[in-house]
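Note sheet for the following structure.
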Amino acid sequence: MLSIVVLISGSGSNLRALLEACDNPMFPAKVLGVGADNPASGLAHAEEFDVTTFVVENKYFANRDAWAARLAEHIDILQPDLIVLAGFMKILPASFVDRYRGKLINMHPSLLPQFPGAHAVRDALSAGVSKTGSTIHLVDEGVDTGRILVQREIEIPQGISELELHEKIKEVEREQLVRLVYEIAANEITLED
Ligand code: GAR
C-alpha cells in the first residue's frame with residue numbers, strides 16, 4: 001500500500017479526486033495526511049475523509065528553510081512513501097527537495113517545459129498557443145524543471161477564458177493524478193532520478 005502526503009494551497013480538487021480513489025479498498029494507495037501553507041479551503045476535503053491536516057504558514061518563520069523544516073516535521077511523523085504537490089503554490093527550498101528526493105512530485109497545468117511558474121494557464125493564453133496540457137513531474141531544485149513522469153495535451157478552444165481553461169485542464173489532471181498514483185503503487189513507474 002503506497003502511503004501519501006498531499007500538500008495544497010487552494011481548493012484541492014485534485015486532492016479530492018485522490019481521496020475518492022483511495023476510499024476504494026481495491027485502490028493500492030492511501031492518503032495519510034494533507035498539509036497546506038495557508039488555511040486553504042481544500043483542507044475541508046481531508047476533514048471529510050477523516051484524514052489528518054496541518055497548516056504551516058511561512059509568515060511565522062524567519063526564512064524559507066525554517067518554514068520548510070517545520071513542514072518536514074509534520075511529514076516525517078507520517079512517514080509517507082510519496083509526497084504530492086497538488087496546487088501547492090510556494091517554492092520549496094533545496095533542503096526540503098533534497099530530503100525527499102525521489103519521493104516528491106508536482107502537478108503543473110501546462111506542457112512543461114513550456115510555461116513554468118505560478119501563471120501557467122494565463123501565460124499559455126497570452127502566448128496564443130493552440131494547445132496546452134498538464135504535467136506531473138519529479139521535483140528538483142529548479143522551478144518546474146524535474147523529470148517529467150506523465151503529460152497530457154489539451155486543445156485550447158478559441159475565446160476561452162483563463163478560468164474556463166484552467167477548469168478544463170483540472171478535469172484532465174484529476175484523472176491523470178489518480179492513474180499515476182496507481183502506476184507508482186503498482187511499480188509500473190519508478191521515481192528514482
Ligand atoms: C492545478 O491546476 C495544479 O496543476 C496547479 O494548481 C491547480 C490546483 O488545483 N498547480 C500549479 O500551478 C503549480 N505551479 P486544485 O486546488 O483544484 O487541485
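The values are calculated or read from the model by the stated rules, or taken from the named source; none is laboratory data. Just so we're clear, the structure is a prediction, and the values are computed from it rather than from any experiment. Note that we place each Cβ from the backbone using ideal geometry, even for glycine, and neighbour counts take in every protein chain shown. With ligands, DNA and RNA removed, areas are computed over all heavy atoms of the protein, side chains included. Shrake-Rupley method; radii C 1.70, N 1.55, O 1.52, S 1.80 Å.
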Open item on the list: Taking all protein chains in place and a 1.4 Å probe, what share, in percent, of the accessible surface of the stretch 109-181 do carbon and sulfur account for?
Closed with: 50 percent
Task: Average accessible surface area per residue within the chain, 1.4 Å rolling probe, Å² - done: 49 Å²
Open item on the list: Suppose each label sits 7 Å from its Cα in the direction of the beta carbon; what would the residue 26-residue 57 distance come out to in nanometres?
Closed with: 4.4 nm
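What does the charge dipole of the stretch 37-161 about its Cα centre add up to, to the nearest 20 debye, if the Cβ of each Lys and Arg holds +1 and the Cβ of each Asp and Glu holds -1? Write down the numbers at each step before the final one.
Values: 11 positive and 16 negative charges, 67 e Å.
I would put it at about 320 debye.
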Open item on the list: Looking at the stretch 16-93, I'd like the Rg to Rh ratio, where Rg is from alpha-carbon atoms and Rh is Kirkwood's inverse mean 1/r.
Closed with: 0.98
Open item on the list: Please compute the modelled spin-label separation between residue 122 and residue 98, points set 7 Å along Cα→Cβ, answer in nm with one decimal.
Closed with: 3.3 nm
TODO: Determine, from the Cβ-Cβ distance of residue 76 and residue 190 and an R0 of 25 Å, the FRET efficiency 1/(1 + (r/R0)^6), rounded to the nearest 0.05.
DONE: 0.65
Open item on the list: Placing unit charges on C-beta atoms (Lys and Arg positive, Asp and Glu negative, everything else neutral), compute the dipole magnitude of the stretch 112-157 about its Cα centre in debye, rounded to 20.
Closed with: 120 debye
Open item on the list: Using only the alpha carbons of the stretch 118-193, what is the convex hull's orientation-averaged projected area in square nanometres?
Closed with: 5.5 nm²
Open item on the list: Report the Cα-based extents of the stretch 34-148 along its three principal axes, largest first, to the nearest Å.
Closed with: 44, 32, 28
Open item on the list: Quick check: residue separation of residue 160 and residue 143 times 0.36 nm, minus the Cα distance between them. What number comes out in nm?
Closed with: 3.4 nm
- [ ] Taking every pair of alpha-carbon atoms in the chain, give the share separated by more than 23 Å as a whole percent.
- [x] 41 percent
Task: Lys, Arg +1 and Asp, Glu -1 on Cβ, resulting dipole of the stretch 90-172 about Cα centre, debye, nearest 20 - done: 300 debye
